[in-house]
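What follows is one structure encoded as structure tokens, with my remarks underneath.
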Amino acid sequence: MTYLTVLSSLGGGVLIGLAAAWLLFFNNRTAGISGIAAGILPPWQQGDAWRYWFLAGLIISAPLWKLFGGSVQIQIDAPLVVLAVAGLLVGYGTRLGGGCTSGHGICGNARLSVRSIVATLTFMTTAGITVFLVRHGL
Amino acid sequence: MNLNLSAFISGLVFGLGLVLAQMTNPEKVLAFLDIAGNWDPSLALVMVGALLTLGTLQRLIRKPSEQIQDTDLQTCVNPKAKIDAKLITGSAIFGIGWGLSGFCPGPALVSLTAGLAGGYVFVAAMFIGFLLFNSMHRGR
């Protein structure tokens, strides 16, 4: 891990924390991405417009970063079939568990919510086991 | 501040954080999750930076739990919410998907502008997963 990696990782984390605090302060909302994204599906409710604006900001961040000279590295090695299965599991699992890496992992843990701590330990463990099996076990 | 504008700014800063930390790169995320391999611990620092920042700021903001309109029925903010089988099962399923792909919801959405088929397939499947949950568990 280089000095630059340490800085960019910490700095990225600080920005994520700032964004979550901002949404909490101005919108009274937790920055849980799975919940915000799933909320654009029907049944639609009044006052859901902010979701589209949040997601628009999120999606536009990478091209904007490039525009100002930053580099965006995205390398996907998994086959499409695996990605389709993984997407289904992530979509269904985050709804059933009520949060993902952002909702539980950052917002919930920052509030020391026991549910979020348990959820985070659970998905970290199954993710670790899955990677181990794929890379070293099978 | 206008709720849509503040949400846009939050989403933008959140995405820039993911990009800067390279959490948007599935291969980097998988290297973080692969403790037995050539382990890349840097993503733990993303968590540290985010938790310290949010933890400090929310103490200053002092927003009571009741005021927060959490998307997931206050599951991550309500201190009285119980740990149940849904929480464990759902999180376990999510972890398997995360481990298979290296994508969690935020980075997957950011990857949409990269023009990669894998990103499109993952996000489409993720929304089908949301719909599957809605149809199985009646509403959200």
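Of all the residues in segment A:69-83, those that are outside any loop (DSSP other than H, G, I, E, B) and crowded, with 20+ Cβ neighbours inside 10 Å number 1. Just one of the numbered conditions (1) touching a Cys at 6+ places or on another chain (Cβ under 7 Å); (2) hydroxyl-bearing (S, T, Y); (3) more than 7 Å from chain B (Cβ to nearest Cβ) is not true of A:Y3: (1). Being touching a helix residue (DSSP H, G or I) at 6+ places or on another chain (Cβ under 9 Å), more than 14 Å from A:G11 (Cβ to Cβ), more than 7 Å from chain A (Cβ to nearest Cβ) and modelled with pLDDT of 95 or more is true of B:T56. In the set A:I106, A:I117, only one residue is within 18 Å of the chain's Cα centre (by Cα), more than 7 Å from chain B (Cβ to nearest Cβ) and in a helix (DSSP H, G or I); that residue is A:I117. Scanning segment B:13-70 for residues that are farther than 22 Å from A:N28 by Cα and hydroxyl-bearing (S, T, Y) turns up B:T24, B:S42.
Tallying residues that are closer than 20 Å to B:F122 by Cα and surrounded by 20 or more Cβ atoms within 10 Å (Cβ to Cβ) within segment A:1-50 yields 8.
For A:C100, the conditions (1) in a helix (DSSP H, G or I); (2) surrounded by 17 or more Cβ atoms within 10 Å (Cβ to Cβ) are fulfilled apart from (1).
The values are calculated or read from the model by the stated rules, or taken from the named source; none is laboratory data. Note that this is a predicted model, so its numbers are computed, not measured. No Cβ is skipped: glycine too gets one built from the backbone with ideal geometry, and neighbour counts run over all protein chains shown.
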